[in-house]
Amino acid sequence: MNDTRPHCIVVGAGIVGASCAWHLRRRGAAVTLIDPVEPGQSTSFGNAGCISPSSISPFSYPGAIRKVPGWLLDPLGPMRIRWVDAPGLAPWFWRFWRAGSARRVDEIAAAQKTLMATASADFDEILRETGNESLRKSAGLIMLYGNEAEFAADGWHYDIRRRYDLPWQRLTRAELTVMEPSIQLGDEGIAVLDPAWQHVLSPADVASRIAGSAFSLGAEWLRERVRRVEANPAGVSIRTDAGKQIDADYLVLASGVWTNDLLVQLGHRAPLVAKRGYHSMLARPNVTLSHPLMSVSEYVVITPMRDGLRVAGTAEFARIDAEPDYRRARALLQHARRFLPGLAGEEVTEWMGQRPMTPDSMPVLGRLPGHERVLCAFGHGHYGLTQGPTTGRIIADLAFGQPPHVDLKPFSADRF
């Protein structure tokens, strides 16, 4: 084994795994990237495409759990639980509720701020070095509220923004009209600009091109599924479904919601669930946008992309292998028309992906307790795109024996 130029197996070829492979190979490691599907074609394919460094608040917060029954009773609401799967999800929701105390929310925001602090710069670097800067736009995000009550209900979020000096600006109607003439805000509506957000024109292309750059630098690609893993103080070993065995110095777990399939073989299990998201992609939307929009109360994000307008969102909790319910994707269009009544409904493609969600909305990063040769890079939830390049840099630091720029204790696998 050679820790000066280590051989690293990266399991998972989404934006996180691709970024890990790129950073490791760029530093001189031998890299094998493994996934049963092509890079960027799974969960990273269909997200809202937003780089959101100001998103440091957890999804659980004081009072959030009281909203869940109303969401579940609304057939078009932002959350759905497949009731047949509810018993297995109960322990996760218990942890989710515990993560929403005022004290814990402050701790989570502080930790996420450290991880988000370099997210934009890390994205700048990886896009610049791979020649893909044209895939990103820096326009900010416009958040939309139907009335003052909706805005006030989100006040806890703005309290955190003020505390951590995260910029935002309430827009006048005249400013909004200049920025986005297609939006119809209504008599009582409110618009807020978050200037820190950026968006990409194709999240699938971003992930696949980063992986492609790692391959051009000499990383190996293996389109197979990892079935068995072993680890000891000297190194790691994996076996694929095709029977191939690979020995290496380090194993990087970047396999999203599927990570527990490997963790249990190492004596661990993470409280990780599939928070399934949907999108509807409109090739001919009949409206033009320059900025991503967020309908805050419905948790819907509308992003202008290269191939049309993407309307993404919703939270569906179900087994990983449950069939998609594309009524959720169609409901997103109804919500989007609240502020974009001219939105067309023709030439629409629909998609479902599985966000790897932890109860406290934070990823699992760092060495796996008891297994120094196993590096965790999973559980990013809604922020895999944003935090992918930063995670890649952290993993490369660990593999080369250098201290990461972020304190990883709050992100440890043993925090739960």
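The values are calculated or read from the model by the stated rules, or taken from the named source; none is laboratory data. Predicted, not measured: the structure shown is a model, and the values here were computed from it. We place every Cβ from the backbone using ideal geometry, glycine too, and count neighbours over all the protein chains shown. The accessibility values were calculated without ligands, DNA or RNA, using every heavy atom of the protein model including side chains. Shrake-Rupley method; radii C 1.70, N 1.55, O 1.52, S 1.80 Å.
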Filtered residue count, segment 22-39, keeping only those that are open to solvent by less than 50 Å² (accessible area, probe 1.4 Å) and touching a strand residue (DSSP E or B) at 6+ places or on another chain (Cβ under 8 Å): 9
Out of the residues in segment 1-21 that are among the hydrophobic types (A, V, I, L, M, F, W, C) and either touching an Asp or Glu at 6+ places or on another chain (Cβ under 6 Å) or more than 19 Å from Glu224 (Cα to Cα) (or both), which is least open to solvent (accessible area, probe 1.4 Å)? Ala13
Of the residues in segment 155-194, how many are touching a residue at least 60 places away in the same chain (Cβ under 8 Å), small (Gly, Ala, Ser) and part of a strand (DSSP E or B)? 0
Checking the conditions here, which among Pro410, Pro341, Pro403 is free of Cβ contacts under 8 Å to residues at least 40 places away in the same chain and either open to solvent by 40 Å² or more (accessible area, probe 1.4 Å) or among the hydrophobic types (A, V, I, L, M, F, W, C) (or both)? Pro403
Criterion violated by Arg367 - all others in (1) crowded, with 17+ Cβ neighbours inside 10 Å; (2) in a strand (DSSP E or B) satisfied: (1)
Give the residue, chosen from Val206, Val192, that is touching a Lys or Arg at 6+ places or on another chain (Cβ under 7 Å) and buried (at least 18 other Cβ atoms within 10 Å of the Cβ). Val192
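Could you go through segment 320-343 and let me know if any residue there is among the acidic types (Asp, Glu), more than 23 Å from Asp74 (Cα to Cα), part of a helix (DSSP H, G or I) and over 18 Å from the mean Cα position of the chain (by Cα).
Among the residues of segment 320-343, not one is among the acidic types (Asp, Glu), more than 23 Å from Asp74 (Cα to Cα), part of a helix (DSSP H, G or I) and over 18 Å from the mean Cα position of the chain (by Cα), which makes the answer no.
Condition first: of a type in the set (A, V, I, L, M, F, W, C) and either touching a Phe, Trp or Tyr at 6+ places or on another chain (Cβ under 6 Å) or outside any helix (DSSP H, G or I) (or both). Now tell me which residues in segment 89-146 satisfy that.
Here is the first cut: in segment 89-146, the ones of a type in the set (A, V, I, L, M, F, W, C) are 89-90, 92-94, 96-97, 99, 102, 105, 108-111, 115-117, 119, 121, 123, 126-127, 135, 139, 141-144.
Selection gives Leu89, Ala99, Val105, Ala117, Ala139, Leu141, Ile142, Met143, Leu144.
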Among residues belonging to segment 44-80 that are modelled with pLDDT of 95 or more and assigned to a helix (DSSP H, G or I), point out the one that is surrounded by the most Cβ atoms within 10 Å (Cβ to Cβ). Ser44
Could you please let me know if Ser57 is touching a Pro at 6+ places or on another chain (Cβ under 7 Å) and of a type in the set (Ser, Thr, Tyr)? no
Members of segment 294-310 found to be assigned to a strand (DSSP E or B) and touching a Phe, Trp or Tyr at 6+ places or on another chain (Cβ under 7 Å), listed by number: Ser295
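Quickly run through segment 242-253 and pick out the residues that are farther than 13 Å from His7 by Cβ and in contact (Cβ under 8 Å) with a residue 24 or more places away in the chain. Give the steps one after another, and end with the answer.
Our first condition is that a residue be farther than 13 Å from His7 by Cβ; within segment 242-253, this holds for 242-245, 253.
The answer is Leu253, and nothing else.
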In segment 219-247, how many residues are open to solvent by 50 Å² or more (accessible area, probe 1.4 Å) and in a loop (DSSP other than H, G, I, E, B)? 7
